[in-house]
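One structure is given here, and the rest of the page talks about it.
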Amino acid sequence: MAGIGIRLNKIFSKNTITTNLFGFGYSMVITIAPMFLVIIAVILMQALLGFSKQGYASRELYSCTVLYIFIFAMLTASPFNAVLSKYLSDVIYNETYEDIMPCYYVGLVMNIIFSCVLGIPFCVREYLVGEVELFFVFAGYCGFIALVLVFYSMLYLNICKDYKKVSLFFLIGMGVSVLLSLLLVYMGNVDIIYAMLISLDVGFLVIGGLELALIKSYFRENSGNYGQVLRYFKKHWQLVVTNFLYTTGLYVHNFVFWTTDMKMVVADSFVCMTTYDMASCMAVFTNITASVIFISRVEMHFHERYKGYSEAVIGGRGIDIENAKQRMFRQLAEELMNLVRIQFIISVVIFFVCIILLPQFGMGGMVMQIYPCLAAGYFILFIMYAAIIFQYYYNDMIGAVMTSSSFFAATILGSVLATHLPAIWYGIGLVIGAAVGWGVAYFRLRVMEKTLDIHVFCAGNILKKGRGKKPSNKVYEKTFSAGEKERGA
């Protein structure tokens, strides 16, 4: 991720209000712009096509379909992304770029198969039990698979530091979606709900196609080394567990409330709780800038400290290594504290803006009761994820698994407890889970600080690992000549 740091350093080095604002905007464009473009496109289609005038059942069916497409596309991609990112980083470091396309194809096949296995049974139920029209079910399924392709291909472009092109592709794809929806409704006389869903499908396919074309233009050679990619999943299984539990933990508190009496069931297939889901969305937006801040500061400051320590380990003196380690961990602590301070100020401002303005637009009642606790939970959650990223830096995979597992388990238990509390405490499960996860991550980072020398210098093996008969414990045997034995006697 050093490419971002170089660009941000140039922007912020001028240290003016204008350049600081531009730097923040640049960070936002390369990190979270795609998500906002999709949201803007959906809102535009709804406003231009008169979505609010459609029947309640049709509107809820469309909303639930889009909600499920996004949630489960992210969930089905999560077991693969972290391992593939690790593999790609190693390939780029070794400059064996011909191994990237085998990685892309193997990961894509695994991701698509996994997504299909989960999606097909649901679609069958939606058609047979929910009695939803077959074409609508098929359109929703196509949108799901297309978004899986989009999320998967984004991984490779992010590794290549092509953030701006990813945002450009989303701008093109969502622009196509909006224009196509208008054509389908006003020129093709297609039903508004169908037109919006079909347009989103086409937009996702356009984005996925552009991403795939760019990837193939970058990496034209294919080594055919597919087996090595599969072996990485066995070797780095901790990354699979960590990323899957963290991503699932983002939504598991929603899933718990989907099982309560407050849930809404659409077409006997889709389950949601509108008030809680809306409050969750608002809470995420309240704290989403944490991602921007973290990437900006880590790229500009911590990365250099980490690089300095790595160079000291390779060829420095003992005192140089120790000094570099202390500077690196001081920078780590400073980055976490700065992230907390800056994000706290931003979150408080956004929180009060939401509390004051949103009720005037009809968004009040239970949504605003649930929102404060969830906002606090996501604040802690994004800080916890920053700590997980630092664990990745130090290859503390067991610590990362412990962090995500404790977060996931505590969130479930806390959310089950929250279902029996007043609405203002519904989000306490996420708060508890994120706090527990952060505590585990902090503890592991402290342990890593104290044992980093052991972790770096004592991780090798004298004998090569393998299966078979254990070697003899004897490492030295002294033999005597005949003359030596006679003199000894």
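The values are calculated or read from the model by the stated rules, or taken from the named source; none is laboratory data. Fair warning: this is a prediction, and the values are worked out from it, not measured in the lab. Note that each Cβ is placed from the backbone with ideal geometry, even for glycine, and that neighbours are counted across all protein chains shown. Just so you know, the surface numbers come from the protein's heavy atoms only, side chains and all, with ligands and any DNA or RNA stripped out. Shrake-Rupley method; radii C 1.70, N 1.55, O 1.52, S 1.80 Å.
Brief remarks on what is shown
- Taking each residue of region 404-426 that is over 21 Å from residue 440 (Cα atoms) and looking for partners that are among the β-branched types (Val, Ile, Thr) and part of a loop (DSSP other than H, G, I, E, B) with beta-carbon atoms closer than 9 Å, six or more apart or interchain, yields 419/259; 419/260; 426/419.
- Residue that is most open to solvent (accessible area, probe 1.4 Å) [pool: residues in region 412-428 that are assigned to a helix (DSSP H, G or I) and closer than 12 Å to residue 260 by Cβ]: 416
- Across region 87-105, the number of residues qualifying as in contact (Cβ under 8 Å) with a residue 40 or more places away in the chain, part of a helix (DSSP H, G or I) and surrounded by fewer than 17 Cβ atoms within 10 Å (Cβ to Cβ) comes to 5.
- Segments classed as helices (runs of 4 or more DSSP H), wholly inside region 1-66, with at least 2 members that are at pLDDT 60 or above, open to solvent by less than 80 Å² (accessible area, probe 1.4 Å) and touching a Ser or Thr at 6+ places or on another chain (Cβ under 8 Å): 17-31, 33-49
- Set 259, 275, 248, 242: member being outside any helix (DSSP H, G or I) and either of a type in the set (Val, Ile, Thr) or under 22 Å from residue 35 (Cβ atoms) (or both): 259
- Residues of region 115-140 that are in a helix (DSSP H, G or I), open to solvent by 70 Å² or more (accessible area, probe 1.4 Å) and touching a residue at least 24 places away in the same chain (Cβ under 8 Å): 118, 125, 135.
- Residue that is farthest from residue 51 (Cα to Cα), among those in region 182-196 that are open to solvent by less than 50 Å² (accessible area, probe 1.4 Å) and outside any helix (DSSP H, G or I): 188
- Just one of the listed residues (199, 217) is at pLDDT 85 or above, surrounded by fewer than 16 Cβ atoms within 10 Å (Cβ to Cβ), among the hydroxyl-bearing types (Ser, Thr, Tyr) and in a helix (DSSP H, G or I), and it is 217.
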